[in-house]
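J.: What follows is a structure written as structure tokens; I'll ask about it next.
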Amino acid sequence: MIKVRLNRQSFQYDVHSLVRAFYPGEPVQVDCEWSGREECQKEPVEDRRDSSISGHNTGTEVLQGRILFLLEIVISADSQAVPGQSASERVGCSAAEECTEAAPPAVRIEISLLEGSKEKLHRSGVITAVGVLPEKAKGVFAGPVHSDVQLNSNEAAIRRETKNELKRLLYQILSDHSGKTLPWGNLTGIRPTKIPMALLNSGWSSSEIAGYMRETYYTGDDKIALAIEIANRERSLLKQLRFWEMGNRRTESTFSAQKEESRQDHAAGTGKAEELRPGRGAFDRGYSLYIGIPFCPSICLYCSFSSSPIALWKNQVDAYLDTLMHEIDCVAAMLPHNHPDTVYIGGGTPTTLEPEQLERLLSKLEGHFDLGGAHEFTVEAGRPDSITQEKLQVLKEHQVTRISINPQTMNQKTLDFIGRKHTTEQTAEAFALARRMGFNNINMDLIVGLPGEGATEVEHTMKVLSEMDPDSITVHSLAVKRAARLRLFKEEHQELSFENSSAIMDMTANYARAAGLHPYYLYRQKNMAGNFENVGYAREGREGLYNILIMEEIQSIIALGAGASTKLVLPQAGPSAAGGGADGESARKEAVPSAGGSEGSEALQSQTASAQSASEWGGTRIERIENVKDIKNYMERIDEMIERKQSALCGKEGGFYE
């Protein structure tokens, strides 16, 4: 057990994630109700037991046992000016301009690592608004909008740099203590490609970005190269979308001008009432559509997603579809047009629906949306044991352009153990059937780090998939969430190994590239085996645009169905707010996306309960509108969820523009 005492709760997620990354097998508890070292010395550290700790427990259970070591982190105001700096310089004002805001104090960070009652390692640092960001980087990473605290630009800069310096100091201590480094350095965010994407959009060269990531985040050269390669490819792919042609950012001044114009039109009686709705601006970059089908043939051992065994819900599927149809009817009427850029039907496993149910769903969507005009229309066929010729025929007749058939592994012993009720032969047969029926864009998912699998087993899977020749392969590093049976019943699985390594990840990349597939999107998750990443590889022209859009958070996603999370990308209005550094992490740290399908699939749907969080760049903010996960609750409370979308998109008194 590792105990952390931290006096600033807003950095709790970053600290917890970084400690867990260095010590993945150890429970980590972060106590944010601590004000200083005086309290900790009242009781010897070596005598403390986890069961006596009353602080916040982040992401792990409270387990009994000795504390491996204690981290004390104190973040406090440093009222003394930095030597040689004036107050105006401390807050980032030039000598030639007058500072109108009061100079905030500098921030001091003190980190100590204690074993027993002895301090073993110590690091400290002082942060000012000018911080350690290179001059060229200032202004690139805008602080994300926080839903409850508005800070001026100096305060936001101080907080951003405090977070970055905190993670640098903590990384140094943990690296010294453990004797190891991490492939992604001190980055704890799930979207590391946002960093090179933002810098590329600001005119940086690849070599400048590499130097910045190396010095700021201690990221390894191979991961830096991967992130920059993917960011460049994403930018190229996004150019085919309408909003990119008009410029991929919308400035606050543009938004303010249009807001005032709309007010004047409305006051004069010349503007349409809907122009004042809170959601105005959410569709400036178009939108994509997600439909959730929360049923699976069986629930995998590692799964924690919003899905239920189809056998238990067989008699309720039509009732679920009735509810979903009602949501489609109502939400379609709220949207400004019926031309989504991409459409993704995930879950769950959508092909657990019978052919006539698939026909009913797709016909309903076609009645409201121009699916033929979408750049991409994906359906997760997912489990091979759910695929039939009749179902594939329905998909073919309704303009579906991309499907995903997900083996996860081609080792039968592993499939049996993790609870997937299909064979490797069924995977090959389903893939061959889809090819014969004319599907020319087929993705296949696999998971590295499955119980009992090492390099030999993963290589066998890669060899078999290479022979099948899919159009894209998504390589996931196993991430076991708290709700997964593998964690809930971990005592029964203590003998299992969960192996992942740089060598295994490099091997999957080599096989993918040898098959003519290149990396095109990437994301990370908590509790990920080996602290690595998930990477999508695709043939030229067969990339999944939806995956890029939801990970880069540059387009609104309208999500319908149980457990679905609508994500509105809105212009950022008002002062910049406190956020993290530009590490690809949301301001609301609980907003860690879980896979859009219980397959551990490549599609993502965020499952946060937070009302708002933010993008780290581009002057936007993110507002999420959640549907409940429980199927029964979804069907009973659908009007409540439709009302939430109505409020966000069409407004109530005192809405976004008020």
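J.: Looking at this structure, is Gln393 touching an Asp or Glu at 6+ places or on another chain (Cβ under 7 Å) and within 19 Å of Thr349 (Cα to Cα)?
T.: no
J.: Restricting to region 517-544, name every residue that is assigned to a loop (DSSP other than H, G, I, E, B), open to solvent by less than 40 Å² (accessible area, probe 1.4 Å) and either over 18 Å from Trp184 (Cα atoms) or touching a Leu at 6+ places or on another chain (Cβ under 6 Å) (or both).
T.: Leu517, Glu533, Glu543, Gly544
J.: I would also like to ask the following. Of the residues in region 360-374, how many are surrounded by 18 or more Cβ atoms within 10 Å (Cβ to Cβ) and more than 18 Å from Thr323 (Cβ to Cβ)?
T.: 3
J.: Quick one: which of Glu425, Glu429 is without any contact (Cβ under 8 Å) to a residue 12 or more places away in the chain, within 20 Å of Ile473 (Cβ to Cβ), surrounded by fewer than 21 Cβ atoms within 10 Å (Cβ to Cβ) and not basic (Lys, Arg)?
T.: Going through Glu425, Glu429 in turn, the sole match is Glu425.
J.: Separate question: Using the structure shown, decide if Ser202 is open to solvent by 20 Å² or more (accessible area, probe 1.4 Å), in contact with a Leu (Cβ under 9 Å, 6 or more places away or on another chain) and either among the small types (Gly, Ala, Ser) or without any contact (Cβ under 8 Å) to a residue 12 or more places away in the chain (or both).
T.: Judged against the criteria, Ser202 is not a match.
J.: What number of residues in region 437-446 are open to solvent by 10 Å² or more (accessible area, probe 1.4 Å) and closer than 21 Å to Ala503 by Cβ?
T.: 0
J.: A further question on this structure: Given the criterion in contact with an Asp or Glu (Cβ under 8 Å, 6 or more places away or on another chain) and either more than 28 Å from Tyr23 (Cβ to Cβ) or not in a loop (DSSP other than H, G, I, E, B) (or both), identify the matching residue among Glu234, Glu208, Glu229.
T.: The conditions single out Glu234.
J.: Ok, one more. Of all residues in region 215-230 being closer than 18 Å to Glu552 by Cα and either touching a strand residue (DSSP E or B) at 6+ places or on another chain (Cβ under 9 Å) or not aliphatic (A, V, I, L, M) (or both), which is surrounded by the most Cβ atoms within 10 Å (Cβ to Cβ)?
T.: Selected residue: Ala227.
One line per residue, one yes/no per condition, for (1) assigned to a helix (DSSP H, G or I); (2) at pLDDT 60 or above; (3) more than 25 Å from the chain's Cα centre (by Cα):
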position: Arg5; (1), (2), (3): no, yes, yes
position: Val19; (1), (2), (3): yes, yes, no
position: Val30; (1), (2), (3): no, yes, no
position: Glu33; (1), (2), (3): no, yes, yes
position: Glu39; (1), (2), (3): yes, no, yes
position: Ser51; (1), (2), (3): yes, no, yes
position: His56; (1), (2), (3): no, no, no
position: Ile73; (1), (2), (3): no, yes, yes
position: Ser76; (1), (2), (3): no, yes, yes
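J.: Would you pick out the residues in region 132-191 that are out of contact with any helix residue (DSSP H, G or I) (no Cβ under 8 Å at 6 or more places or on another chain), among the aliphatic types (A, V, I, L, M) and modelled with pLDDT under 60?
T.: Ala142, Val145, Val149 - these are the residues of region 132-191 that are out of contact with any helix residue (DSSP H, G or I) (no Cβ under 8 Å at 6 or more places or on another chain), among the aliphatic types (A, V, I, L, M) and modelled with pLDDT under 60.
The values are calculated or read from the model by the stated rules, or taken from the named source; none is laboratory data. Keep in mind that this is a model prediction, so the values were computed, not measured. Note that each Cβ is placed from the backbone with ideal geometry, even for glycine, and that neighbours are counted across all protein chains shown. Accessible surface areas use protein heavy atoms only, side chains included; no ligands, DNA or RNA. Shrake-Rupley method; radii C 1.70, N 1.55, O 1.52, S 1.80 Å.
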